[in-house]
1. With the condition kept exactly as written, say whether any residue in segment 263-285 is under 29 Å from M152 (Cα atoms) and assigned to a loop (DSSP other than H, G, I, E, B).
2. State yes or no: is E229 part of a helix (DSSP H, G or I), more than 16 Å from the ligand (Cβ to nearest atom) and surrounded by fewer than 17 Cβ atoms within 10 Å (Cβ to Cβ)?
3. Select, from L259, L267, the only residue that is of a type outside the set (K, R), free of Cβ contacts under 8 Å to residues at least 24 places away in the same chain and closer than 15 Å to K289 by Cβ.
4. Spot the failing condition for I221; the list is (1) among the hydrophobic types (A, V, I, L, M, F, W, C); (2) within 21 Å of the chain's Cα centre (by Cα); (3) not in a helix (DSSP H, G or I), and only one is missed.
5. Return yes or no: is A177 within 27 Å of S241 (Cα to Cα) and open to solvent by less than 60 Å² (accessible area, probe 1.4 Å)?
6. Which count do you get for residues in segment 242-262 that are open to solvent by less than 30 Å² (accessible area, probe 1.4 Å) and in a helix (DSSP H, G or I)?
7. Are any of the residues in segment 188-203 over 21 Å from L80 (Cα atoms), near the ligand (Cβ under 9 Å from one of its atoms) and either part of a helix (DSSP H, G or I) or open to solvent by 70 Å² or more (accessible area, probe 1.4 Å) (or both)?
8. In segment 206-214, is there at least one residue being open to solvent by 30 Å² or more (accessible area, probe 1.4 Å), more than 19 Å from Q151 (Cα to Cα) and at pLDDT 95 or above?
Amino acid sequence: MNSQEIYQQRIENVLDALLEKGEEPLCESMRYAVLGGGKRIRPLLVYASGEALGVNKDLLDAPAAAIELIHAYSLIHDDLPCMDDDDLRRGKATVHLAFDEATAVLAGDALQTLAFGILSQPLHGICATNQLKILQILTASSGAAGMVKGQMIDLYAAGEILTEDQLATMHNHKTGALIKASVLMPTYCFEGNADNLTTKREKLAEYADAIGLAFQVRDDIIDIQSDTETLGKQQGSDSASDKPTYPSILGMDAAKEKLFQLHEKALSSLSSFGREADLLRQIAEFIVKRIA
Ligand code: GRG
């Protein structure tokens with residue numbers, strides 16, 4: 001197994017242990033939404049950023065799990081009839097179809113509180129000030145100043161003509177915020193401060209901004225160029241719902257050029273790091289080349 005696969009297996013085990021096993025619909029729907037699917041890009045970024053900083057892996061499991069739980073909740077709610085009304089997610093029926101709508105709302109709610117609960121437990125090896133900072137990052141990135149704000153902009157953007165800046169603002173909130181949180185939380189996984197941490201944090205933030213937007217540009221491209229089976233969700237859903245995208249605003253060639261530039265920016269942000277940031281480099285490459 002390569003290191004991406006090792007970390008993917010690791011987060012799978014961590015999530016499995018965290019989610020209660022029970023026959024009630026709430027337990028089953030939470031496990032259905034979280035386990036056995038998804039690329040786990042956000043937890044991978046947590047482990048990769050921690051690796052670049054020399055953080056003990058055991059301290060990264062809690063933030064890695066928390067960010068994936070927030071992501072899973074956001075997907076459940078995004079798929080609901082009152083939002084994107086999707087039937088397929090990660091190659092299987094969306095939670096409101098596999099269970100029912102009320103269960104899907106509550107499973108999302110419970111995954112969100114579980115994420116904050118995990119980070120509120122004593123995290124031995126991380127001082128209280130830093131642990132609070134990690135919680136603040138998760139709160140800001142997922143709430144009304146982050147992902148929820150982006151989702152709100154997105155819902156009202158259908159059928160609108162957005163400028164490139166407006167499109168970037170929407171994506172920086174909706175998708176970029178959690179990606180940036182994944183990279184930044186490990187910069188607080190210490191007792192106190194490590195060497196040159198402020199400079200490293202700034203460089204990692206630049207990297208995260210670049211790959212966050214690259215993730216979305218690539219998402220817009222594959223929504224047009226891939227197929228439903230590969231994507232595990234409906235292909236062409238952006239144009240079907242008349243959503244503004246990078247290819248629709250810039251044209252396909254310019255969208256691909258934008259992706260190339262963002263990849264270059266991500267790599268140059270890591271130029272002061274050595275081999276310890278190789279996993280971050282590999283993830284950047286994976287994001288700009290992914291087909292699903
Ligand atoms: C409902 C509050 C709320 C927010 C929803 C993230 C989000 C906000 C909606 C998802 C809609 C969507 C398809 C956005 C495009 C980019 C994206 C986040 C794709 C899904 O993330 P991946 O590709 O999914 O990392 P996997 O399944 O691999 O985890």
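1. no
2. When the stated conditions are applied, E229 does not pass them.
3. L267
4. Exception for I221: condition (3).
5. In short, yes.
6. 5
7. no
8. There is at least one residue in segment 206-214 that is open to solvent by 30 Å² or more (accessible area, probe 1.4 Å), more than 19 Å from Q151 (Cα to Cα) and at pLDDT 95 or above.
The values are calculated or read from the model by the stated rules, or taken from the named source; none is laboratory data. Note that the structure is a prediction, hence the values are computed from the model and not measured. All Cβ positions, even for glycine, are placed from backbone atoms using ideal geometry, and neighbour counts span all protein chains on display. In case anyone asks, the SASA skips ligands and DNA or RNA and just uses the protein heavy atoms, side chains included. Shrake-Rupley method; radii C 1.70, N 1.55, O 1.52, S 1.80 Å.
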